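Contents: one structure, followed by commentary.
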Amino acid sequence: MLKTYATKLEERQVKELRRLSKETKIPQAELMRQAIDLLLEKLKADQERLEFLKRLDARLEEDKEALERLAQL
């Protein structure tokens, strides 16, 4: 279900959106929907990477502590 959403764009964005729409024959609204989907996918991937790095850092810290304990034996 599509819903109307009003937003303000910079003049350069409108100009490029119109140009791209004309060149591709894809309606401006569809290009905007695709752009938003790409942004959401990127942000989700970035968040997944960040969570992975946090888990990796925690695991490395655990390994470091374990190695330090072993070195004291």
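The values are calculated or read from the model by the stated rules, or taken from the named source; none is laboratory data. None of these values were measured; they are calculated from a predicted model. Quick reminder, even Gly has a Cβ in these numbers, built from the backbone with ideal geometry, and neighbours come from all protein chains shown.
Per-structure values
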item: Some residue of segment 7-19 being at pLDDT 95 or above, surrounded by 10 or more Cβ atoms within 10 Å (Cβ to Cβ), within 24 Å of the chain's Cα centre (by Cα) and in a loop (DSSP other than H, G, I, E, B); result: yes
item: Close pairs from segment 52-73: first on the phi < 0 side of the Ramachandran plot and in contact (Cβ under 8 Å) with a residue 12 or more places away in the chain, partner assigned to a helix (DSSP H, G or I) and aromatic (Phe, Trp, Tyr), Cβ under 7 Å, at least 6 apart; result: none
item: Hey, Leu39 at pLDDT 95 or above, part of a helix (DSSP H, G or I) and surrounded by 10 or more Cβ atoms within 10 Å (Cβ to Cβ) or not; result: yes
